[in-house]
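Read-outs: derived from the displayed coordinates by stated rules, not from any lab. The structure presented is a predicted model; accordingly, all values stated were derived computationally and were not measured. Cβ atoms come from the backbone with ideal geometry, glycine included; neighbour counts cover every protein chain shown.
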Amino acid sequence: MLSHSLSQLSRISCTRQNRFGELLDAPTHCIPQAWLPFLFDETQQVRRRYYELGVLWQLRSALQAGSVWLEGSRRYGLPTSDLIPPQLWSTLRSEFARLIPMPLQAQPRLQQLQEDFQNQLQRLNTALGQGDDNGVRLEDHQLVVSPLPAIELPQSAVQLQRKLGLLLPLVDLTDLLVEVDLATHFSDGLTHAGGELQRSPETSVYLYAAILAQATNVGVRAMARAADLSEEQLLWHTHWFLREETLQQAIDAIVNFHHPLPLAQCWGGGTISSSDGQRFPVAVKNAQAAALPKYFGYGKGVTFYTWTSDQLSQFAHKVIPATVRDATYVLDGILDNQTELNLLEHATDTAGYTEIVFALFDLLGLQFSPRIRDVAHLQLYRIGRVPFPQL
């Protein structure tokens, strides 16, 4: 599809009309197929209103896809404006390839991917030849992937869980928050928006109360009454200290302290991560809130997208529109990661992948391993004419 700016489209000559306002030579190739049954009347004349709606609908889709752009717009501007300029890329290309690491030319990488693809096809062919033991089989020339069976915990592990639960003491949430701060010093990242100020002994108390008020969704007024604190002071600390950048610094401090712990190392090495989104309705005006009747009914809501490491630590989060595919934001938490986690592989669900995301992960030297629903019914791709092994 050719790309045009709106200013170029506006200079295209308008469709001819007769004296009754009927469209005489309106092109219909740009109208979606679903609109065609409603486009013509009984005399096979183009219905003007349906035609205009169809064109506007297609223009909206083209704006979202970047095929048509609006000059000077931040949201619907030229897609290449966010890329490195070509004259600058020629000088940065070698350095970028060295950091990934990737070859300067695409052909060696494509050859390597083709060999890896052939090896994976051979493994698939071997698994199909072994029957249903591996959960992958062919039925009537259709690929069938059986779900993984659940593994039940042995009785000894269940008893150990109960004993460990009895050994853990009951701790107040406030005491736990203070203890974690004494170990990690995460509150040092909660700085004042106006610059570094000398903190009073009451500052930490109000910061703890503000964090608990936001985390438990109690609210500033209820927290001030429960903790016998000044509501004005609590509201002031919330506005001036709890910001997105300061909260992220606090999270980074906790994740960095948690990463080398022996118990965290038992779960993983901090090289694998995953991300998923949860939808929440919002009752106030929010720039990211969108209508989605399936989840929010007549209201609006957002998606809270989080990134979690294999050590069970959440190192990034982002509020995104609920109507946008998760794959648009998958790389944000990984590229903005400032923790000591050495992330090499990432997993998502079906909503977190597109073909472009696979390519971007490969260019960054990372492994993308999504869990795709109904993969047996999807169209698979190959590089060149790679023959499929025969059983």
*P(r), alpha carbons of the chain - 20 Å bins starting at zero, rounded %*: 16, 44, 32, 8, 0
_Residue (of Gln44, Leu380, Leu138) at the positive-pole extreme of the chain, dipole from beta-carbon charges_ = Gln44
_Of Asp228, Asp362, Asp349, the one that fluctuates the most in a GNM where the chain has Cα springs shorter than 10 Å_ = Asp228
*For the charge dipole of the chain, defined by +1 on Lys and Arg C-beta atoms and -1 on Asp and Glu C-beta atoms about the Cα centroid, which residue among Ala359, Trp69, Ala210 has the Cα displaced farthest towards the positive pole?*
Trp69
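Might you report the magnitude of the Cβ-based charge dipole of the stretch 169-248 about its Cα centre, with Lys and Arg at +1 and Asp and Glu at -1, to the nearest 20 debye?
So the magnitude is around 200 debye.
With +1 on each Lys and Arg Cβ and -1 on each Asp and Glu Cβ, how big is the dipole of the chain about its Cα centre, in debye rounded to the nearest 20? Display every interim value, and only then the final one.
Working: 30 positive and 39 negative charges, 296 e Å.
Computed about the Cα centre, the dipole is about 1420 debye.
To make sure I understand, if each residue's beta carbon is the centre and we count other beta carbons within 10 Å, what order do His185, His258 fall in, fewest to most?
Values: His185 13, His258 22.
Fewest to most other Cβ atoms nearby, the residues stand as His185, His258.
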_Residue order, fewest to most surrounding Cβ atoms within 10 angstrom, among Met223, Met102_ = Met102, Met223
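Mean residue ellipticity at 222 nm from the helices of the chain, using -39,500 (n - 2.57) per DSSP H segment of n ≥ 4 over the full residue count, to the nearest 500 deg cm²/dmol?
Dividing the helical sum by the residues of the chain leaves -12500 deg cm²/dmol.
Explain nothing, just the number: dipole magnitude of the stretch 65-164 about its Cα centre with +1 on each Lys and Arg Cβ and -1 on each Asp and Glu Cβ, in debye rounded to the nearest 20.
Numbers: 9 positive and 10 negative charges, 109 e Å.
It comes to approximately 520 debye.
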*Efficiency of FRET between Arg74 and His317 - r from beta-carbon atoms, R0 35 angstrom, step 0.05*: 0.90
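What is the fewest-to-most order of Thr238, Thr354 by other Cβ atoms lying within 10 Å of their Cβ?
The most exposed by this proxy come first: Thr354, Thr238.
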*Along the charge dipole of the chain, which of Leu235, Ile31, Leu177 sits closest to the positive end, that is, farthest toward it, with unit charges on the beta carbon of Lys, Arg, Asp and Glu (+1, +1, -1, -1)?*
Ile31
_For a test of the definition: using alpha carbon positions, the gyration tensor, and the 1.5 limit on a/c, classify the stretch 197-341 as rounded, prolate or oblate._
oblate
*Pick from Gln33, Gln367, Gln122: which residue has the top mean-square fluctuation in a GNM of the chain where Cα pairs under 10 Å get a spring?*
Gln33
*aspartates and glutamates near Lys285 by alpha-carbon distance under 19 Å, same-chain residues fewer than 8 away left out - which ones?*
Glu244
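Given R₀ = 41 Å, FRET efficiency for Leu363-Asp228 by Cβ-Cβ distance, to 0.05?
On the way: r = 56 Å, r/R0 = 1.35.
Between Leu363 and Asp228 the formula returns 0.15.
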